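Before any comments, here is the structure.
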Ligand SMILES: Cc1cc2nc3c(=O)[nH]c(=O)nc-3n(C[C@H](O)[C@H](O)[C@H](O)COP(=O)(O)O)c2cc1C
């Protein structure tokens, strides 16, 4: 039997290899703990899961200061970022930079606001949390969605922001 835990494995090279997969970028928002208002985090692990029932997922690092708040939140909102959202994405990827103060937001029915000018917004009720190594996978049931604007998406590839190459 192979002892997987004692095989040499280059985590840095693994991360770089994963970065060869280009993704879009989303911001996930949820109610903050205690008296703090809503918070956000930049995420590229977002994926669609199921059409019926409508399910999506994203994963949060257990080491994130925002981990327990997002895992404990009964609802979260996912905003798909446009190419014009690079500054917002940078800000909400900053260590400890969780607040939505000063950002232009759109109200939602479930509560956590969306980012204005997003390409699509999914209002989710937390359906399941799965422990997965150093991340927690949050599966959300989409209760509402809307598309605030059309346009080009923000792309993340090999550790850098990029645009979508058009024919
Ligand atoms: C493009 C991009 C995608 C990211 N995707 C994720 C993600 O899917 N899950 C995650 O936990 N952190 C992700 N991060 C990191 C977080 O945005 C953030 O930097 C980190 O949680 C900061 O730590 P803190 O939450 O303790 O302040 C991503 C960062 C960038 C720039």
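What follows draws every value from the coordinates through simple rules; no lab data is involved. Since this is a predicted model, take the numbers as computed values, not measurements. Methodologically, a virtual Cβ is constructed for each residue, glycine included, from the backbone with ideal geometry; neighbour enumeration extends over all protein chains shown.
If you take the residues in region 81-106 that are assigned to a loop (DSSP other than H, G, I, E, B) and touching a strand residue (DSSP E or B) at 6+ places or on another chain (Cβ under 8 Å), which one is farthest from residue 33 (Cα to Cα)?
If we filter region 81-106 for residues that are assigned to a loop (DSSP other than H, G, I, E, B), which is where we start, we get 81, 92-98, 100-104.
Pick out the ones that are also touching a strand residue (DSSP E or B) at 6+ places or on another chain (Cβ under 8 Å) and you get 81, 92-93, 98, 100, 103-104.
Working: 81: 25, 92: 17, 93: 19, 98: 12, 100: 14, 103: 19, 104: 21 Å.
In this case the residue turns out to be 81.
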- Message: Going by what's in this entry, would residue 85 be described as within 13 Å of the ligand (Cβ to nearest atom), buried (at least 16 other Cβ atoms within 10 Å of the Cβ) and farther than 12 Å from residue 43 by Cβ?
- Response: yes
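Determine whether residue 69 is within 16 Å of residue 136 (Cα to Cα), more than 7 Å from the ligand (Cβ to nearest atom) and surrounded by fewer than 16 Cβ atoms within 10 Å (Cβ to Cβ).
Numbers: within 16 Å of residue 136 (Cα to Cα): yes; more than 7 Å from the ligand (Cβ to nearest atom): yes; surrounded by fewer than 16 Cβ atoms within 10 Å (Cβ to Cβ): no.
Judged against the criteria, residue 69 is not a match.
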- Please work out which residue is farthest from the ligand (Cβ to nearest atom), limiting yourself to region 23-64 and to residues that are surrounded by 13 or more Cβ atoms within 10 Å (Cβ to Cβ), more than 12 Å from the chain's Cα centre (by Cα) and assigned to a loop (DSSP other than H, G, I, E, B). 54
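Checking the structure you have, find out if any residue of region 121-129 is in contact with a helix residue (DSSP H, G or I) (Cβ under 6 Å, 6 or more places away or on another chain), assigned to a strand (DSSP E or B) and either within 15 Å of the ligand (Cβ to nearest atom) or closer than 13 Å to residue 30 by Cβ (or both). Show your work before the answer.
Quick first cut of region 121-129, residues in contact with a helix residue (DSSP H, G or I) (Cβ under 6 Å, 6 or more places away or on another chain) only: 129.
Within this subset, residues satisfying the condition of being assigned to a strand (DSSP E or B) are 129.
Going one step further and asking which of them are either within 15 Å of the ligand (Cβ to nearest atom) or closer than 13 Å to residue 30 by Cβ (or both), we end up with 129.
Within region 121-129 (the criterion being in contact with a helix residue (DSSP H, G or I) (Cβ under 6 Å, 6 or more places away or on another chain), assigned to a strand (DSSP E or B) and either within 15 Å of the ligand (Cβ to nearest atom) or closer than 13 Å to residue 30 by Cβ (or both)), the answer is yes, since at least one residue qualifies.
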- Query: Is it fair to say residue 109 is on the phi < 0 side of the Ramachandran plot and part of a loop (DSSP other than H, G, I, E, B)?
  - Reply: yes
- Please specify each residue of region 2-20 satisfying the condition of being in contact (Cβ under 8 Å) with a residue 24 or more places away in the chain and either farther than 26 Å from residue 98 by Cβ or part of a strand (DSSP E or B) (or both). 16, 20
